[in-house]
Amino acid sequence: MLVRVRNYPAANPWLHDEMDFDRNIHNVFGDLFDAYPVSRTRAYPRFDLAEYQNESVIIAEMPGVRKEDLKISIDNGYLTISGERKPYDMPHGSKWIRNEISTGKFTRSIELPHDIDADNISAEMKNGLLRIMLPKAETIKPREISIK
Amino acid sequence: MTRKDLMKRPEKKESVVQPRSYYERRIVPPVDIIESDNHYTVQVDMPGVNKESIDLKVDSDTLRVRAYTGDYHKGDAKLHRREIIPSVYEREFQLGKEIDRSKINGEYDNGVLTITLQKNESVKPREIHIK
């Protein structure tokens, strides 16, 4: 083989990818561990959901996904991201040496932590990260009450 | 090595992409390698890094790529869900003799680093002209 890949061991075994641990547990024990609190298979895409004073922000990792192939919808307090990562367009006469990156369709939903102002949602794609800004609905924003 | 040693924070070294906190971890990013007639294309999935922070180095037979994602959240965030942890992506490739070390290109787009490795002239397939 002309280009060989070396894998690194984890820098510290206690920091090793806990999601991999979940997946391995699932591979070994299958449905026995259904009650396990974290997602039992590796959910894709991975999400972060952060709440700030006036908005919440969802960050999802989606390298190689084009924004034309992505759909975001909100229904009944759930936000759904669905899309497709298109396979690599192989030039004529080329061949695979290694293929670890998976492609295909995905969909994932997340429950929103609060009511949102649906008219002012915005989203952007940068460096393979999807960032969705969800402003809070006026009714639930923190405010000070003036005393008359 | 005792259990106590293992629990210690990783030692800090002089490097731009060294893990900066206990919660950061190292990721071995998935790669695709495709061979064409006159070059190899290597794709590395590394979402969330800035182009400027990608460290791509060739050292005789080894091509090494490293990058640090940084933290995506501001200080006052209340995290309801956290699946993406600040990470250092790190992967090494061993290069064969037929790869031209002076013509290695990297391009980062949409979370994917594409490295192009040109083959030396001598190994490229060619037609031989019959006199």
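The values are calculated or read from the model by the stated rules, or taken from the named source; none is laboratory data. Keep in mind the model is a prediction, meaning the values are calculated, not measured. As a convention, Cβ positions derive from the backbone with ideal geometry for all residues, glycine included, and neighbour counts pool all protein chains shown.
Looking across segment B:94-120, the residues that are closer than 12 Å to B:H39 by Cβ and outside any strand (DSSP E or B) come down to B:E98, B:N120. Taking the residues in segment A:95-108 that are more than 7 Å from chain B (Cβ to nearest Cβ) and assigned to a loop (DSSP other than H, G, I, E, B) as candidates, determine which candidate is surrounded by the most Cβ atoms within 10 Å (Cβ to Cβ). Taking the candidates together, the pick is A:T103.
Each row is one residue, and each column tells you yes or no for (1) at pLDDT below 85; (2) among the hydrophobic types (A, V, I, L, M, F, W, C); (3) assigned to a strand (DSSP E or B).
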residue: B:Y22; (1), (2), (3): yes, no, no
residue: B:V42; (1), (2), (3): no, yes, yes
residue: B:Y72; (1), (2), (3): no, no, no
residue: B:I84; (1), (2), (3): no, yes, no
residue: B:E92; (1), (2), (3): no, no, yes
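Within segment A:121-148, the set of residues being over 14 Å from A:F47 (Cβ atoms) and not in a loop (DSSP other than H, G, I, E, B) comprises A:S122, A:E124, A:M125, A:K126, A:M133, A:P135, A:K136, A:E138, A:T139, A:I140. Selection of segment A:124-148 for residues being among the basic types (K, R) and surrounded by 10 or more Cβ atoms within 10 Å (Cβ to Cβ) yields A:K126, A:R131, A:K136, A:K141.
Yes/no per residue for (1) of a type in the set (F, W, Y); (2) modelled with pLDDT of 55 or more; (3) assigned to a strand (DSSP E or B); (4) assigned by TED's automatic domain parsing to the domain that holds A:P135:
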| position | (1), (2), (3), (4) |
| --- | --- |
| A:I25 | no, no, no, no |
| A:D48 | no, yes, yes, yes |
| A:Q53 | no, yes, no, yes |
| A:A60 | no, yes, yes, yes |
| A:V65 | no, yes, no, yes |
| A:S82 | no, yes, yes, yes |
| A:I110 | no, yes, yes, yes |
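So, of the residues in segment B:28-40 that are outside any strand (DSSP E or B) and more than 7 Å from chain A (Cβ to nearest Cβ), which turns out to be nearest to B:R64 (Cα to Cα)? Checking each candidate, the answer is B:P29. Here B:L79 clears all of (1) in a strand (DSSP E or B); (2) over 30 Å from A:E111 (Cβ atoms) except the condition numbered (2). Residues in segment B:61-102 that are among the acidic types (D, E) and at the interface with chain A (Cβ under 7 Å from one of its Cβ atoms): B:D76, B:E83, B:E90, B:E92, B:E98. For A:I74, indicate whether it is within 10 Å of chain B (Cβ to nearest Cβ) and either polar (S, T, N, Q) or out of contact with any Lys or Arg (no Cβ under 6 Å at 6 or more places or on another chain) (or both). So A:I74 does not fit the description; no.
When you check A:S56 against the structure, is it in contact with a strand residue (DSSP E or B) (Cβ under 9 Å, 6 or more places away or on another chain), farther than 22 Å from B:G111 by Cα and of a type in the set (S, T, Y), yes or no? In short, yes. Restricting attention to segment A:55-105, report how many residues are within 26 Å of B:R82 (Cβ to Cβ), more than 14 Å from the chain's Cα centre (by Cα) and among the small types (G, A, S). Result for segment A:55-105: 5.
Within segment A:112-120, does at least one residue satisfy the condition of being among the charged types (D, E, K, R), outside any loop (DSSP other than H, G, I, E, B), surrounded by 10 or more Cβ atoms within 10 Å (Cβ to Cβ) and in contact with a strand residue (DSSP E or B) (Cβ under 7 Å, 6 or more places away or on another chain)? No, the conditions are met nowhere in segment A:112-120. The single residue among B:G106, B:G111 that is surrounded by 15 or more Cβ atoms within 10 Å (Cβ to Cβ) and away from every other protein chain (no Cβ under 11 Å) turns out to be B:G106.
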